[in-house]
Amino acid sequence: MSNVEIVLRMNAMGDILLTVPTLRALAENDTEVHLVINSRWKALAEFLPAKIHFYDGTTSLVHLANELKKLKPEALFDLQGKLSSIALRTLVYASITRVYQKRTFSEQLQAIGHKYPLRFSDNRPVWQKYADTCGVEISKPDASLNLSQEYVEECRKILESLGLKEKSFIFIHPEASKPGKVMTAELVEAIQQTSPVPTVIIGKGNTSFPCEAPHLDLRNRFDLHDLPGILSLASAVISTDSGPMHLARAVNTPLAAIFLQTAPSLGFSPIPADNVMVISEDLPCKPCSLHGQMEICPEGHFKCRQINIEKTVEQIFDFFKSIKII
């Protein structure tokens, strides 16, 4: 009989996707893996390699805790470390309980106090920290989601209805939930002008970006449930530091990830692979925030967003050529 182990990682989409190598490694050890996520991400549940339970706010805590206790878990791993997960792990209780340590207390104060540049003692990638918390060793992380052939075919039909042929275009995801991560219009335009194939802007938002034929702007057109399959059918994805960046990696689509105000040193890079490239300019003031939330540059210049466009675009397409996708 398999051991039952529970992983708590409710938010956000990128963080949930960074648990995938750990979920797969746990399952290989004859473990029945259960993952708790926020109901906001329910659309992704069927693709995750675990049995999924949903957190739907504090009113759902007792019911969810009772649901999880019935599993009689041997171990519970809290990768969230916030009040909601603290309450949940206390209510459930497992003989083995481990908690992910995000930052030291002094580092947390540094971030809260807007002191920069942020320098933390532990620069390991988050996916690896998750694995260590859950007690698994991973030499080659498997970040892949479970996409059925039927599901991918449905996504292929969606693209065809928009006039897009599989593997004949590049997605650009230029926006993000925080202002310091958003690409400039100039960078988007340079990518479009350099790309040997049509590009398609995707995501949520209304930032003004240039887009003339043969390029398309299909923002706000795809449901979250369809997005993994849609991304899997692109030649490549060029993305900001965001949830869709991690989603592109999770469906094994070649990826160029651009970090602007944030930095890979904080641990939130996409899970490494031969078809993944991370671009981040090294600046003495960077990163000035954990999640790119600074709307006003504390140095008064925003150099992190004013990157060398020509050099960046050249890096991206040289990489795509080297892995033979264009």
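The values are calculated or read from the model by the stated rules, or taken from the named source; none is laboratory data. No experiment lies behind these values; they were computed from the predicted model shown. Counting neighbours? That spans all protein chains shown, and the Cβs are built from the backbone with ideal geometry, glycine included. Note: accessible area is taken over every heavy atom of the protein model, side chains too, but ligands, DNA and RNA are not part of it. Shrake-Rupley method; radii C 1.70, N 1.55, O 1.52, S 1.80 Å.
Structure above, values below:
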read-out: Residues being open to solvent by 60 Å² or more (accessible area, probe 1.4 Å), touching a Gly at 6+ places or on another chain (Cβ under 9 Å) and not β-branched (Val, Ile, Thr) - total across segment 91-101; value: 2
read-out: Unique match (being touching a strand residue (DSSP E or B) at 6+ places or on another chain (Cβ under 7 Å), hydroxyl-bearing (Ser, Thr, Tyr) and in contact (Cβ under 8 Å) with a residue 40 or more places away in the chain) among Ser85, Ser39; value: Ser85
read-out: Filter result for Lys303 (farther than 23 Å from Gln108 by Cα, open to solvent by 50 Å² or more (accessible area, probe 1.4 Å) and assigned to a loop (DSSP other than H, G, I, E, B)); value: yes
read-out: Residue tally, condition touching a Cys at 6+ places or on another chain (Cβ under 8 Å), of a type in the set (Val, Ile, Thr) and assigned to a helix (DSSP H, G or I), over segment 1-46; value: 1
read-out: Any hit, segment 125-143, residues being under 30 Å from Ile201 (Cβ atoms), at pLDDT 95 or above, open to solvent by less than 30 Å² (accessible area, probe 1.4 Å) and β-branched (Val, Ile, Thr); value: yes
read-out: Selection within segment 145-186 - under 18 Å from the mean Cα position of the chain (by Cα) and either without any contact (Cβ under 8 Å) to a residue 40 or more places away in the chain or open to solvent by less than 40 Å² (accessible area, probe 1.4 Å) (or both); value: Leu145, Phe171, Ile172, His173, Pro174, Glu175, Ala176, Gly180, Lys181, Val182, Met183
read-out: Selection count, segment 63-117, where residues are of a type in the set (D, E, K, R) and in a loop (DSSP other than H, G, I, E, B); value: 7
read-out: Any chance His291 is open to solvent by 10 Å² or more (accessible area, probe 1.4 Å), outside any loop (DSSP other than H, G, I, E, B) and either among the acidic types (Asp, Glu) or out of contact with any strand residue (DSSP E or B) (no Cβ under 7 Å at 6 or more places or on another chain) (or both); value: no
read-out: Residues within segment 78-90 that are under 30 Å from Cys288 (Cα atoms), open to solvent by less than 20 Å² (accessible area, probe 1.4 Å) and not hydroxyl-bearing (Ser, Thr, Tyr), tallied; value: 3
